[in-house]
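Asker: Can you keep this structure in mind? I'll have questions shortly.
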């Protein structure tokens, strides 16, 4: 093992980080190579900087005129230069400030700087690399985004252990999670995605409190847990009883045996899907600054060894957006638009029968889902394609509808066609 990795591991050997890291995570470090040396030269080489692999002219990164014309508000350094591995410092500070504003519980916590990733998917993948071994168990509700399976089972060969998402009374199944956690004694990874994809469900305030208590109960008995909060759809909450803070807020301070990580980003929250800017924010009770710095270096090593660094153009564009006085007004207008679509879908479903399609509980996010008779999910998807309508067959008895992608005045026609086609197939 590289001496730099050995030194990092020495600093965390008695902490929750050391107990959770995968073999790959243990080996990971941030090298004192080109990036580190170039960073040092940027501060000290005031005559000639012949380090980084970028072409310069008059001490500015070269840029094609045809590209510069497309982005006149950005200098070439902001547009085409490499970004620091952990992300632009000013963007990291800004996102941290916004996290605290959106999650007031975090005001009482010394929050470490978020680390920039190439979107939320990349962030989750980095976490899995750092913490999941082939023998490790990842606990996920049975309603989960299909890409988790690709990342967990195929990339890392980790074991997925799922539990029923809903109770019989249509709430989040905390009792089932409690039961699954009870089977483990040393280490588990828990992945929670709220608002959930594919269901569009988020826990109520009461459920969030109970969920936190259950995780803390198992931490009390010595279970080491990495809790990944995939908050891709954070902020799209449509009912008063829904918890509007991330579970990261209470879990980041819950227990020394819980390492919570918030994976979020501009993707959905700021309607900038293809710009690929996400963030990882770590939190654990009583974790010291030195331990957070080790986590940062290991995360930077995972980023450096995979995508090198994150789009500087995207990061600087978003900083321009966040500095725009109209930003919050525009962002909230878009959120309210999706709220109206949600309310319209609710009204449509209130007048529909539940004999063929049964709506699963939803209260947030971009989606809602139907349960259909077993074996008809793919058949319904294909039949709707023949009508020029696209939906997702999650499995053979669940289909997902993205009301976020359909204009409000078209929703009634969409659901009329879905119901009529389902009735015909049944």
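Just so it is clear, none of the values below were taken in a lab; they were calculated from the coordinates. The model shown is predicted, which means the values in this text are computed figures rather than measured ones. Cβ: placed from backbone, ideal geometry, glycine included. Neighbour counts: every protein chain shown.
Asker: Let me have the 222 nm mean residue ellipticity of the chain computed from DSSP H runs of 4+ only, each contributing -39500 (n - 2.57), with the sum over all residues rounded to the nearest 500.
Answerer: Calculated at 222 nm, the ellipticity per residue is -12000 deg cm²/dmol.
Asker: Helix 205-220 sits at what angle to the longest principal axis of the chain, using alpha carbons and giving 0 to 90 degrees rounded to 10?
Answerer: Tilt of helix 205-220: around 60 degrees.
Asker: For residue 2 and residue 142 in the same chain, what is the full-extension length gain: residue separation times 0.36 nm, less their Cα-Cα distance, in nm?
Answerer: Here the answer is 46.5 nm.
Asker: For 243, 54, which order do you get if you count the other beta carbons within 10 Å of each Cβ and list the fewest first?
Answerer: Least crowded to most crowded, the residues run 54, 243.
Asker: Quick one: 328, 143, 98, fewest Cβ neighbours within 10 Å first, how do they rank?
Answerer: 328, 98, 143
Asker: For helix 89-102, what angle does its Cα long axis make with the longest principal axis of the chain, in degrees from 0 to 90 and rounded to 10?
Answerer: For helix 89-102, the angle is close to 40 degrees.
Asker: With labels modelled as points extended 7 Å from the Cα through the Cβ direction, what inter-label distance (nm, one decimal) is found for residue 97 paired with residue 408?
Answerer: For the pair residue 97/residue 408, the computed spacing is 3.3 nm.
Asker: Between 0 and 90 degrees, rounded to the nearest ten: what's the tilt of helix 3-12 against the longest Cα principal axis of the chain?
Answerer: For helix 3-12, the angle is close to 60 degrees.
Asker: Follow-up question, since we're still on this one. Would you mind computing Rg(Cα) / (2.2 N^0.38 Å) for the chain, counting N as its residues?
Answerer: So the chain has a normalised radius of gyration of 1.05.
Asker: What is the ratio of the Cα radius of gyration of the range 297-426 to 2.2 N^0.38 Å, with N the residue count, to two decimals?
Answerer: My calculation over the Cα atoms of the range 297-426 gives 1.42.
Asker: Can you give me the C-alpha center-to-center distance between the range 279-353 and the range 148-189, rounded to a whole angstrom?
Answerer: One Cα centre to the other: 24 Å.
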